[in-house]
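Colleague: The structure follows.
Please treat every number below as a calculation from the coordinates, not as lab data. Quick caveat, the model's predicted, so the values are computed rather than measured. Here Cβ is always computed from backbone atoms with ideal geometry, including for glycine, and neighbour counts include all displayed protein chains.
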Amino acid sequence: MPELPEVETVKRTLNQLIVGKTIERVTVSLPRIIQRPDDALQFEHVLAGHTFQRVERRGKFLRMILDGLVLVSHLRMEGRYGVFRQDEPVEKHTHVIFHFTDQTELRYKDVRQFGTMHLFQPGEDLQLPPLNKLGIEPLDEQFTLDRFKSVIAKRSTAIKPTLLNQAYVVGIGNIYVDESLFRAGVHPETKANTLSDQQLEDIYHAVIATLSEAVDAGGSSIKSYVNGQGEMGMFQQQLQIYGRKDEPCVQCGAMIMKSVVGGRGTHYCPRCQQEPLMK
């Protein structure tokens with residue numbers, strides 16, 4: 001958390017809140033969040049005077065486009081942005097503040113302190129870590145069935161960790177993999193290279209539908225996620241499988257089970273998602 005729908009929601013919210021705002025100064029109180037440059041003071045100095053033009057998303061990363069700079073931000077577990085008046089109290093665990101010339105502030109809060117920020121010249125960010133080795137975007141028009149099959153079909157790993165691998169397809173985290181595989185009727189331990197063409201097509205459409213519905217609902221507020229205006233996502237009210245261990249399946253009534261697949265807690269219906277004969 002946050003996953004693609006949550007980051008997409010934050011992106012859209014920030015485009016409403018910060019585009020056109022000019023940075024007067026930046027305050028960094030937790031330097032290790034700043035990964036590039038490796039000097040937080042330089043980060044503060046370089047950003048002063050620049051204006052936010054738009055906010056984009058690449059996988060689970062925010063690409064914050066300024067005039068002449070690109071700020072790549074990864075929220076990790078619990079990072080969140082919010083816009084406040086300068087006279088509003090600063091919440092605990094606020095580690096980076098962008099002070100604007102209009103007396104408002106963009107504040108980055110991160111209780112777990114796992115988030116990162118990288119600053120690039122335009123064009124550099126897509127050629128260098130952390131964005132340069134990311135896979136295909138599942139909500140992009142170039143995310144075709146043929147391309148999905150070419151990336152997934154030959155993998156010998158189970159389909160769940162395959163879909164979680166950001167080098168193949170970006171942004172589909174644990175919640176949405178479980179939901180997509182349930183929708184497609186595929187057991188999470190099925191090896192990707194044993195899937196039929198129909199199963200691959202079912203997963204492809206399930207991924208698109210699940211993520212699209214989640215984006216429309218503003219993401220899922222599992223644990224502490226809120227968007228850039230402090231609002232909760234509502235997709236958790238539509239979850240059919242994730243977090244529903246020992247509850248009846250919405251399709252067949254069988255008890256939903258939970259196991260560990262690829263090191264991740266995994267929810268599935270033993271009747272709707274038949275276990276593969278050979279794992």
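Colleague: Could you tell me whether the chain comes out rounded, prolate or oblate from its Cα gyration tensor? Rule is a ≥ b ≥ c as square roots of the eigenvalues, rounded for a/c under 1.5, then prolate if a/b exceeds b/c, otherwise oblate.
Modeller: Prolate, because a/c is 1.5 or more and a/b exceeds b/c.
Colleague: For region 243-257, just list the computed ³J(HN,Hα) in residue order, Karplus coefficients 6.51, -1.76 and 1.60, θ = phi - 60°, integers in Hz, with x standing in for Gly and Pro.
Modeller: x, 10, 3, 6, 9, x, 4, 5, 9, 10, x, 5, 6, 5, 10
Colleague: Something else about it: Once you place label points 7 Å from the Cα toward the Cβ at E91 and H45, how far apart are they in nm?
Modeller: 3.2
Colleague: Would you please put 262-273, 160-171 in order of how densely packed they are, using the mean number of other Cβ atoms within 10 angstrom per residue and starting with the highest?
Modeller: Peptide ranking by packing, descending: 160-171, 262-273.
Colleague: While we're looking at this one, here's another question. Could you tell me which of rounded, prolate or oblate describes region 1-143, using a ≥ b ≥ c as the square roots of the eigenvalues of the alpha-carbon gyration tensor, with rounded for a/c under 1.5 and, failing that, prolate when a/b is larger than b/c and oblate otherwise?
Modeller: rounded
Colleague: When only DSSP loop residues count, what GluC sites (Glu not before Pro) in region 75-166 have their Cβ near at most 16 other Cβ atoms within 10 Å?
Modeller: Passing sites in region 75-166 are E91, E124, E141.
Colleague: Run through region 1-100 and list the trypsin sites (Lys or Arg not before Pro) located in a DSSP loop whose Cβ has at most 14 other Cβ atoms within 10 Å.
Modeller: K92
Colleague: Based on DSSP H runs of at least 4 residues, each adding -39500 (n - 2.57), what is the mean residue ellipticity at 222 nm of the chain after dividing by all its residues, to the nearest 500 deg cm²/dmol?
Modeller: Using -39500 (n - 2.57) per qualifying helix, the result is -7500 deg cm²/dmol.
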